[in-house]
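In what follows, a single structure is set out as structure tokens and then discussed.
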There are 2 protein chains.
Amino acid sequence: MSHPLFGPEIKLMLDERNSAGLREFCEQLHPATVAEALDDDFTPEQIWEVISSAKIRTQASVFEYLPPALQVQMAEKARPQVGQLLTQMSHDDRVDLLRRLPPRVTEAIMRLVDEADRQDIARLFQYGENTVGALMTTDYAWLPGTLTAAEAIDQLRQQAPDRETIYYIYVLDDPQRRPDGSPAPRRLLGVVSLRDLILAPRHALIRELMETDLVTLRHDEDAGAVPQLFARYDFIAAPVVDEQFGLLGIVTHDDVLDVVTREATEDLQRQGAVGPITGDYLEASFWQVWKSRVFWLCVLFFLQMFTINVMARYEGKLEPKSDERAAQADLKTATTSLAFMVVFIPLCLSVGGNAGSQASTLVTRALALEQVKVSDWFRVFLRELLMGVSLAATLGTLAIARSYFLTPDSVLAKVPDGAVWNLVWVVAFAVMGICLTGAVIGAMLPIVIKWWGGDPALMSSPFIATLSDVLGIIIFFNVVALFF
Amino acid sequence: MSHPLFGPEIKLMLDERNSAGLREFCEQLHPATVAEALDDDFTPEQIWEVISSAKIRTQASVFEYLPPALQVQMAEKARPQVGQLLTQMSHDDRVDLLRRLPPRVTEAIMRLVDEADRQDIARLFQYGENTVGALMTTDYAWLPGTLTAAEAIDQLRQQAPDRETIYYIYVLDDPQRRPDGSPAPRRLLGVVSLRDLILAPRHALIRELMETDLVTLRHDEDAGAVPQLFARYDFIAAPVVDEQFGLLGIVTHDDVLDVVTREATEDLQRQGAVGPITGDYLEASFWQVWKSRVFWLCVLFFLQMFTINVMARYEGKLEPKSDERAAQADLKTATTSLAFMVVFIPLCLSVGGNAGSQASTLVTRALALEQVKVSDWFRVFLRELLMGVSLAATLGTLAIARSYFLTPDSVLAKVPDGAVWNLVWVVAFAVMGICLTGAVIGAMLPIVIKWWGGDPALMSSPFIATLSDVLGIIIFFNVVALFF
């Protein structure tokens, strides 16, 4: 698993314009290794220079292994080169790339691609995100059922270089036409594995070798169903068909792993009350992250408001009994008792727990997926500070509205004369302070734990909520002291 | 993806002792489909009867696809049959099975297995859980580097039926010996894919075709590292080596999917403050689940206790000022004020949020993995009721200790004479009531949401915490009213 650090060597070769050395570097190593070596330390221009020394097929392989964001940068820099690479890339990966590019760049590149490829790209482009169709590739191996095993292997020799996998070979029917006369996808009759083909007698017919009890996916199914199917059947690939059992493409095992990781991230985010965020934590747009968080924070804030009413109903019972209170009122002591403020404590504390859960969920997952490193702590800190401020402003506004218009009468009765706005400001500033603190602590603690060599996943949502409760109480009472 | 329901048909064939029909059912369908059809509706004895009509290789394949718990039941029922199946099963799957069986059953079965298989099993048995070694299989395809491509394909024809995958062929060195003369694993020289072999000229030497820039796993590495490697390189299988680069086995893509799912479950559980639970939610032993939950609940409870001190420090400020309090004391009103009880509110509420997060995390994940169905709601309810009671008892004891010995003096000063035990009982019963309510609600809400056709993942930890806050306040004040 360990590879020497290639960075300095590549830099030297670039300086010396040693294209023979660069070609060897690209051709000898696994394309994923080459991509990893180039990923962090080089500019898009430099990466183009390094890989352009290699064969076009190698270039495409290395390019596919680069992170999506870098692919986009490189494509914007050098459209003609990308146009060339597209013909060699996996059919699903190239569509993924084009989806990420700005429409005008995609258009410009598409003009450089030949007719057949353009049609194939357009076909895959039409499938909705998160469907099986968007996951599949069209570069599968296929044969008619009338060949013998030996003929089939000969045919595969021709097809193999262009196919994503040749380990499953799909057996297709004669060409079909739709009622309107346009060509329809060929019907899927069966599948034969390369393993079976190798084991079979040379003259056995594919038609007789093939497996006809087929497990297929539908192009419009949710991509989330795919991992379960692969886990159950231990597939390397699965065919995707349309309503007429016409073969549209295949989904391969490597895409499934990506789906599983994406689904796990979404599950974790949902459990931490964050709407799904596509892409890396640090690369996702600020407003996308804000939106995915503010919605749940507000929903939870509204629900939590019931605690005010419930507290207000019961809080009176903790007070001295009414006849004695009358006596107190005579003494004018009631005006200085701020005990009514406790009804707002559960609401204010919960904000910290929720904002903290969100932040710790996002940062812990980003650390696990290596989207964020410990050395990024300051960027994360700044981001969560800003995020905390914007979330706090939203919740603060809600808190003002809620505490001004809807504070229960039993509580209002106890507020000292003319101090209603003090109450409103206390709730608003406490909510804002606690929200900001929660977000920053939730984001920074996982990084601190990782830096100490621990497991950031220990910063569970309840743990963050507990910590932020302690801080929340301090903030709350200090804000009370400030305004009363 | 959809298959007709085979259940009634199989039952009929069993009644009629129609072994030809049963054989056809087993041989014609995908073994995973057969296993699925048999899984829910049949007893271990019936399943043996169904599959024993098929070829021994088919029996082994179907058996491998049955859920682990059922495999164990079947193995305990029919040791000789299992002994036979073991020789045909994947080398990693059979070790997984033997690990799960009681030691005496494992021993009895091992006596029925021939020498070579027994040695192979013993070798794999030695690797620690969650290591790469425990994940790997030893039935890989290998060749010496001196063969030509055509010879290699001929050789593979011999090996293929027994190998987990023949799509990567490992090229090994001559036999090695350790310094003490015992045989050591053959050194890994390279790897060639079946695809390359098919594409290569017939007379090309394997040695020259093979890839030598190898990405390998070490047998003692953590299994958690495997998915990342597979995701990066899009492997179907990866070789596992020892310190001397001797090939020990391979890890295949299907095992990786299992690891990813297991890791995602663990991440979710950790985020919900539950220690990792192996196996299904309903099948895991009560005490295992209890242990994995009570630890974190107690840790969080201890941390949360700081809120008492912080609240006690500030709570005085909410009270009437001291000179007026003196006046109150004269009026003997202080004895009826229970405002000091609010210092315990954050602690009590947090218990509900934590217990609820744990329960909702476990049940939501179990629903997603289909370990729990909506129809299991009563079993889940009973289990969480019992679990809630045992967790509540533990926390209640802690609460008694904490509130009796460690209540801050400033709070004790306000407790009415002789009412210290009332305070202790209030805290203990409130904690217990809230813990139980949290656990039950956390477990049942995801099921209710699923029953309504919604997504149970919406029951995030913060959501459950919010709901349980509202209920927690009601419980708290009612317990206060009960004891004062």
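What follows is calculated from the coordinates using simple rules that are stated; it is not laboratory data. Here the structure is a predicted model, which is why all the values come from computation and not from measurement. In this analysis, Cβ positions are derived from the backbone assuming ideal geometry, glycine residues included, and neighbour counts consider all displayed protein chains.
Averaging over every viewing direction, what projected area does the convex hull of the Cα atoms of chain B cover, in nm²?
Quarter of the Cα hull surface area: 31.8 nm².
What does DSSP give for the stretch A:140-252 in terms of the percent of beta bridges that are antiparallel, rounded to the nearest 5? Please report the intermediate quantities before stating the final value.
Numbers: 15 of 22 bridges.
Rounded to the nearest five, the antiparallel share is 70 percent.
So for the protein assembly as shown: antiparallel DSSP bridges make up what percent, rounded to the nearest 5? Working shown, then result.
Working: 34 of 48 bridges.
About 70 percent, rounded to the nearest 5.
Give me the Debye-computed log₁₀ of I(q)/I(0) at q = 0.16, 0.23 Å⁻¹ for the stretch B:202-299, equal point scatterers on Cα only, no solvent, two decimals.
-0.82, -1.14
Taking H as built 1.01 Å from N, whose amide H comes closer than 5 Å to the amide H of A:GLY190, not counting residues under 5 places away?
Hits under the 5 Å cutoff: A:VAL171.
When the convex hull of the Cα atoms of the stretch B:362-484 is projected onto a plane and the area is averaged over all directions, what value comes out in nm²? Provide the component values of the computation, followed by the final result.
Values: hull surface 33.9 nm².
Averaged projected area of the stretch B:362-484's Cα convex hull equals 8.5 nm².
In whole Hz, with x marking every Gly and Pro, tabulate ³J(HN,Hα) for the stretch B:46-51 from phi via Karplus 6.51 cos²θ - 1.76 cosθ + 1.60, θ = phi - 60°.
4, 4, 4, 5, 5, 6
Starting from a label point 7 Å past Cα on the Cβ side, list the distances from A:TRP421 to the same position in the other copies, nm, shortest first.
Result, one decimal in nm: 5.3.
Just how far, in whole angstrom, is the stretch A:145-201 from the stretch B:143-176 if you go by their alpha carbon centroids?
Rounded to whole Å, the Cα centres lie 26 Å apart.
For the stretch B:7-125, what does the relative contact order come out to in percent, with C-alpha contacts under 8 Å and a separation of six or more?
Details: 112 pairs, mean separation 25.6, N = 119.
Taking the mean separation of contacting Cα pairs over the length of the stretch B:7-125, I get 22 percent.
Cut-off 13 Å, label point 7 angstrom out along Cα-to-Cβ of A:GLU151: give me the residues of the stretch A:194-230 whose amide nitrogen falls inside.
Answer for this model: A:203-208.
If you take every DSSP beta bridge fully contained in chain A, what fraction is antiparallel? Give it as a percent rounded to 5. Kindly include the intermediate steps, with their values, before the conclusion.
Values: 17 of 24 bridges.
In chain A, approximately 70 percent of DSSP beta bridges are antiparallel ones.
Taking amide hydrogens as modeled 1.01 Å from N in the peptide plane, which residues meet the under 5 Å criterion relative to B:THR131, leaving out close sequence neighbours?
B:ALA223
With θ taken as phi - 60° and the coefficients 6.51, -1.76 and 1.60, list the Karplus ³J(HN,Hα) couplings across the stretch A:126-132 in order, rounded to whole Hz; mark glycine and proline as x.
Working through the residues one at a time gives 6, 6, x, 4, 6, 9, 4 Hz.
Arranged by the count of other C-beta atoms within 10 angstrom, fewest first, what order do A:PHE405, B:PHE302 take?
Working: A:PHE405 8, B:PHE302 12.
Listed from fewest to most nearby Cβ atoms, that is A:PHE405, B:PHE302.
Considering Cα pairs under 8 angstrom that are at least six residues apart, work out the relative contact order of the stretch B:140-252 and quote it in whole percent. Could you put the intermediate results ahead of the total?
Working: 187 pairs, mean separation 29.1, N = 113.
Averaging sequence separation for qualifying contacts and normalising by length gives 26 percent for the stretch B:140-252.
With each pseudo-label sitting 7 Å past Cα toward Cβ, what's the B:GLU211-A:PHE125 distance in nm, one decimal?
3.2 nm
Over chain A, what is the relative contact order in whole percent, taking alpha-carbon pairs under 8 Å and six or more residues apart? Don't skip to the answer; put the middle values down first.
Details: 673 pairs, mean separation 48.2, N = 484.
Computed value for chain A: 10 percent relative contact order.
Could you put A:LEU29, A:LEU423 in order, starting from the residue whose Cβ has the fewest other Cβ atoms within 10 Å?
Details: A:LEU29 19, A:LEU423 23.
Fewest-to-most ranking of A:LEU29, A:LEU423: A:LEU29, A:LEU423.
For the stretch A:443-479 and the stretch B:205-249, what is the separation of their C-alpha centers, rounded to whole Å?
39 Å
How large is log10 I(q)/I(0) at q = 0.14, 0.19 Å⁻¹ when the Debye formula is applied to the Cα atoms of the stretch A:272-483, each weighted equally and without solvent?
Debye output, listed in q order: -0.80, -1.25.
Relative to the longest principal axis of the C-alpha atoms of chain B, give the angle of the C-alpha long axis of helix B:306-318, reported between 0 and 90° and rounded to the nearest 10°.
Relative to chain B, helix B:306-318 is tipped by roughly 30 degrees.
Expressed as cubic angstrom per residue, what is the convex hull volume of the alpha carbon set of the stretch B:7-125?
Values: hull volume 10.5 nm³, N = 119.
Convex hull volume per residue, Cα atoms: 88 Å³.
Using 10 Å bins from zero, what percent of all Cα-Cα pairs in the protein assembly as shown falls into each bin?
2, 10, 17, 20, 18, 14, 9, 6, 3, 1, 0
Loop only per DSSP, at most 15 neighbouring Cβ atoms within 10 Å: give me the chymotrypsin sites (Phe, Trp or Tyr not before Pro) in the stretch A:1-82, ordered by residue number. Could you put the intermediate results ahead of the total?
Working: sites: A:PHE6, A:PHE25, A:PHE42, A:TRP48, A:PHE63, A:TYR65; in loops: A:PHE6, A:PHE42.
Within the stretch A:1-82, no chymotrypsin sites (Phe, Trp or Tyr not before Pro) qualify (loop, at most 15 other Cβ atoms within 10 Å).
Which whole-Hz couplings ³J(HN,Hα) result when phi for each residue of the stretch B:25-41 is put into the Karplus expression 6.51 cos²θ - 1.76 cosθ + 1.60, θ = phi - 60°, listed in order with x for Gly and Pro?
4, 5, 7, 7, 8, 5, x, 5, 5, 4, 4, 5, 5, 8, 3, 7, 9
Within 10 Å, at most 16 other Cβ atoms, and a DSSP state outside H, G, I, E, B define an exposed site. Report the longest part of chain A free of exposed trypsin sites (Lys or Arg not before Pro). Please list the in-between numbers first.
Values: sites that count: A:ARG17, A:LYS55, A:ARG111, A:ARG202, A:LYS321, A:LYS332, A:LYS373.
It works out to A:203-320.
Once both axes come from the Cα atoms, what is the angle between helix A:420-451 and the longest principal axis of chain A, in degrees from 0 to 90, rounded to 10?
Tilt of helix A:420-451: around 40 degrees.
Over all residues in A:306-312, what is the mean tally of Cβ atoms on other chains that come within 10 Å of each residue's Cβ? Don't jump to the answer; show the numbers that get you there.
Working: counts 6, 9, 1, 2, 8, 8, 0.
For this peptide, the per-residue mean of nearby foreign Cβ atoms is 5.
For every other residue with a beta carbon closer than 14 angstrom to the beta carbon of A:VAL171, add +1 if it is Lys or Arg and -1 if Asp or Glu, then tell me the sum.
Here the charged neighbours net out to -4.
Expressed in nm², what is the orientationally averaged projection area of the convex hull enclosing the Cα positions of the stretch A:230-285? Intermediate values should be presented prior to the final figure.
Details: hull surface 23.5 nm².
Reported value for the Cα convex hull: 5.9 nm².
To the nearest 10 degrees, how steeply does helix A:115-125 sit against the main Cα axis of chain A, on a 0 to 90 scale?
Long axis of A:115-125 versus the principal axis of chain A: about 30 degrees.
So which of A:LYS450/B:LYS291; B:LYS11/B:LYS77; A:LYS373/B:LYS291 end up more than 30 Å apart by C-alpha? Could the numbers behind the result be given before it?
Details: A:LYS450/B:LYS291 26 Å; B:LYS11/B:LYS77 20 Å; A:LYS373/B:LYS291 33 Å.
Beyond 30 Å: A:LYS373/B:LYS291.
Can you give me the C-alpha center-to-center distance between the stretch B:32-100 and the stretch A:356-379, rounded to a whole angstrom?
Between the Cα centres of the stretch B:32-100 and the stretch A:356-379 lies a distance of 44 Å.
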